[in-house]
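Peer 1: To start, I am sharing the structure in question, which I have written as structure tokens.
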């Protein structure tokens, strides 16, 4: 899955994602989110640590769950349309870096499993400190300019053109 997060961090340095290995010993680049968070917190110490954030958030989550259990808050699920940008070298769809829509759709399912904390799915969805974010994602049908996407939720970019 290719996920782009944009923001203004001033002069940015390029950092390679953490690499681990699968059961066959092949290198796998993991998400760069935690490294980016550490860099951001290093640059802006007033943000505090992740531990500080967890200490602030934990009682709020506990109170919210209690309110839901008592029927005080009705769950409102927000659905966010998203677009995956597949950057490739001119390969046909389904080969090389121009991955097939099947893989994109599988990532969309996993994203929803994780954000909705669907029990029995891969990820840390059984972690007791996790919560259903009440966010779910769907493949966007149009781009930000209102143009219909050829494939729902996918923008294929040939870096050679």
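The values are calculated or read from the model by the stated rules, or taken from the named source; none is laboratory data. This structure is a prediction, so every number in the text was calculated from the model and none was measured. When we count neighbours, we look across all protein chains shown, and the Cβ atoms used for this are built from the backbone with ideal geometry, even at glycine.
Peer 1: Within segment 38-148, which strands (runs of 3 or more DSSP E) (wholly inside it) include 2 or more residues that are closer than 24 Å to residue 159 by Cα?
Peer 2: Of the strands (runs of 3 or more DSSP E) lying wholly inside segment 38-148, those with at least 2 residues that are closer than 24 Å to residue 159 by Cα span 84-88.
Each row is one residue, and each column tells you yes or no for (1) in contact (Cβ under 8 Å) with a residue 24 or more places away in the chain; (2) surrounded by 15 or more Cβ atoms within 10 Å (Cβ to Cβ); (3) on the phi > 0 side of the Ramachandran plot; (4) under 19 Å from the mean Cα position of the chain (by Cα).
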| position | (1), (2), (3), (4) |
| --- | --- |
| 98 | yes, yes, no, no |
| 104 | yes, yes, no, yes |
| 109 | no, no, no, yes |
| 123 | no, no, yes, yes |
| 126 | no, no, no, yes |
| 130 | no, no, no, yes |
| 142 | no, no, no, no |
| 152 | no, yes, no, yes |
| 156 | yes, yes, no, yes |
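Peer 1: Please state which one of 147, 73 is over 25 Å from residue 31 (Cα atoms), modelled with pLDDT under 90 and over 22 Å from the mean Cα position of the chain (by Cα).
Peer 2: Within the list 147, 73, the selection yields 73.
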